[in-house]
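Inspection log for the structure reproduced underneath, given as structure tokens.
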Amino acid sequence: MKTKVKEFRTAAGLTQQQLAEQVHVSARTVISIEKGQYNPSLMLAYRMAEVFGVSVEELCCLRENRELEDRNYEDL
């Protein structure tokens, strides 16, 4: 799943470790989310969205991800 975590984190001037500490996860988790290798839980997405002052929908590119998923289902 595509997210804007890295974009918002760098704009906020936070390191991966600093963000991880604020949302109670490891830096490795933040790295994996930023690389698209791990989808955050709803609660983790909510915590990160609160840190950045944005909605979960915006942080997690929910509209864009849904459209991509819908296209994949159309190809079946």
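What follows is calculated from the coordinates using simple rules that are stated; it is not laboratory data. None of these values were measured; they are calculated from a predicted model. Methodologically, a virtual Cβ is constructed for each residue, glycine included, from the backbone with ideal geometry; neighbour enumeration extends over all protein chains shown.
Details
- Applying a DSSP loop filter and a limit of 11 other Cβ atoms within 10 Å to the trypsin sites (Lys or Arg not before Pro) in segment 20-68 leaves K35.
- Amide N proximity, segment 24-52 versus N72 label position 7 Å along Cα-to-Cβ, cut-off under 18 Å: 33-42
- One compactness figure for the chain is 1.13, namely its Cα radius of gyration divided by 2.2 N^0.38 Å.
- Every helix of 4 or more DSSP H residues in the chain counts as -39500 (n - 2.57), and over all residues that averages to -18500 deg cm²/dmol at 222 nm.
- Computed label-point distance, nm, for sites K35 and E58 using a 7 Å Cα→Cβ extension: 2.8
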